[in-house]
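Notes to accompany the following structure.
The values are calculated or read from the model by the stated rules, or taken from the named source; none is laboratory data. Keep in mind it's a predicted model, so treat the numbers as computed, not measured. We place every Cβ from the backbone using ideal geometry, glycine too, and count neighbours over all the protein chains shown.
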Amino acid sequence: MSRERHIHQNNSFSFICSNCGRTVVPSESGGYQRNHCPDCLWSLHVDLRTGDRRCGCRGRMEPITVWVKESGEWAIVHRCISCGFLRTNRIAADDSEQILYALAAKPLKALPFGAEKSMEILNEF
Ligand SMILES: [Zn+2]
Ligand SMILES: [Zn+2]
């Protein structure tokens, strides 16, 4: 499969999600390149730098957590299951809110200490 097949004139591209099989089309709101599936949030390791499609790894990238920037903007942290590369990606308006929420809640559902301790900490805020 040639890389060129995926590239449209404006340099955005559509792809088939390697995780759920959905066809992901470029974001209609435009402005930035969509690089993950809005349904399951999985991505592909295809970039050396965001958007350049120059990485040959092509591993599937799992959304492992969310990162809230100082500005309050949310980003997804993706980890390549083939090579372990970590990357952050801006969320898109149509990303699954349910999955974003589940990502944010995941560490809280698997605390390395007991629920009692977490209540103690919460009360200190
Ligand atoms: Zn998907
Ligand atoms: Zn990789």
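Count, please, the residues in segment 35-69 that happen to be within 21 Å of ALA102 (Cα to Cα) and more than 16 Å from ligand 1 (Cβ to nearest atom). Outline the logic, then answer.
Within segment 35-69, the first condition is being within 21 Å of ALA102 (Cα to Cα), and the residues that meet it are 35-44, 60-69.
This time we only want the ones that are more than 16 Å from ligand 1 (Cβ to nearest atom), so: 65-69.
So the count comes out to 5.
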- Task: Return a yes/no flag: does segment 90-99 have any residue that is under 21 Å from VAL46 (Cβ atoms), modelled with pLDDT of 90 or more and touching a strand residue (DSSP E or B) at 6+ places or on another chain (Cβ under 7 Å).
- Result: yes
